[in-house]
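In what follows, a structure is listed as structure tokens, so that the remarks can point back to it.
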């Protein structure tokens with residue numbers, strides 16, 4: 001299946017997701033800036049939410065493994081959300097197309113479930129490149145050591161498990177997540193490689 005057929009398939013899935021119960025990816029008219037770095041890559045992502053149902057954006061990527069630099073055009077859609085009095089669950093579809101070649105694109109699913117005390121998440125992202133096709137898997141589990149008020153700095157002590165089908169080995173390591181208002185940072189380290197994720201919403 002060519003890149004354009006993949007794109008049509010992804011857009012169809014994303015449009016069907018509008019039939020599900022939704023919440024903002026950001027908020028309608030909201031923007032997000034993200035920075036992420038780990039042993040495989042570093043990236044800078046900007047995305048904008050035209051409505052409360054999806055976001056579109058561009059990502060500059062420094063691929064450390066394949067020694068490449070390129071830009072991805074990305075979109076994320078909320079497929080499902082479920083709230084209870086004590087918890088919230090979200091499921092998202094995501095996809096991207098690289099400006100590097102028409103053979104480079106990605107698609108996947110990720111989600112989370114949380115209470116005020118416990119956080120868990122997963123992601124499965126398939127990446128197709130000119131050099132190699134591979135899948136990235138990630139799972140997170142965390143505990144809040146205290147329950148903060150609305151404007152407090154909130155803290156999560158987390159454990160992350162990652163595997164890609166290039167190395168095919170699980171990496172499991174601790175990290176910490178801090179957020180307050182529209183700012184969030186995650187910091188961890190494995191085998192002397194930093195894993196950092198920083199987010200600003202406005």
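Laboratory data are not the source of any read-out in this text; all were calculated from the coordinates shown. Everything numeric here is computed off the predicted structure, so don't read it as measured data. Backbone-built Cβ (ideal geometry, glycine too); neighbour counts: all protein chains shown.
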Completion exercise
Ranked by GNM mean-square fluctuation in the chain (Cα springs under 10 Å), the top entry among 33, 86, 71 is 86
Handout entry: Theoretical gain in end-to-end length, residue 109 to residue 130 [0.36 nm per residue, Cα-Cα removed]
Key = 5.4 nm
Exercise for the section: Mind giving me the nanometre distance, one decimal, between the label points for residue 168 and residue 42, set 7 Å out from Cα along Cα→Cβ? Expected result: 3.1
Exercise for the section: Take the chain, connect every pair of alpha-carbon atoms lying under 10 Å apart with a spring to form a Gaussian network, then pick out the residue of 173, 92, 146 with the largest mean-square fluctuation. Expected result: 146
Practice task
For n ≥ 4 DSSP H runs only, could you compute -39500 (n - 2.57) per run for the chain, divide by its residues and tell me the 222 nm figure to the nearest 500?
Solution key: -2000 deg cm²/dmol
Fill in the blank from the handout: Check: C-alpha center the stretch 138-172 vs C-alpha center the stretch 82-124, spacing in Å is 14
Handout entry: Linear extension gain, residue 152 paired with residue 85, 0.36 nm per residue minus alpha-carbon span
Key = 22.0 nm
Problem - Relative contact order of the chain, defined on C-alpha pairs under 8 angstrom at six or more residues apart (%) - result: 15
Exercise for the section: Could you check the simple spin-label distance between residue 193 and residue 159, using points 7 Å along Cα→Cβ, in nm with one decimal? Expected result: 2.1
Practice task
Once you've got the GNM for the chain with C-alpha springs shorter than 10 Å, pick whichever of 159, 147, 79 has the biggest mean-square fluctuation.
Solution key: 147
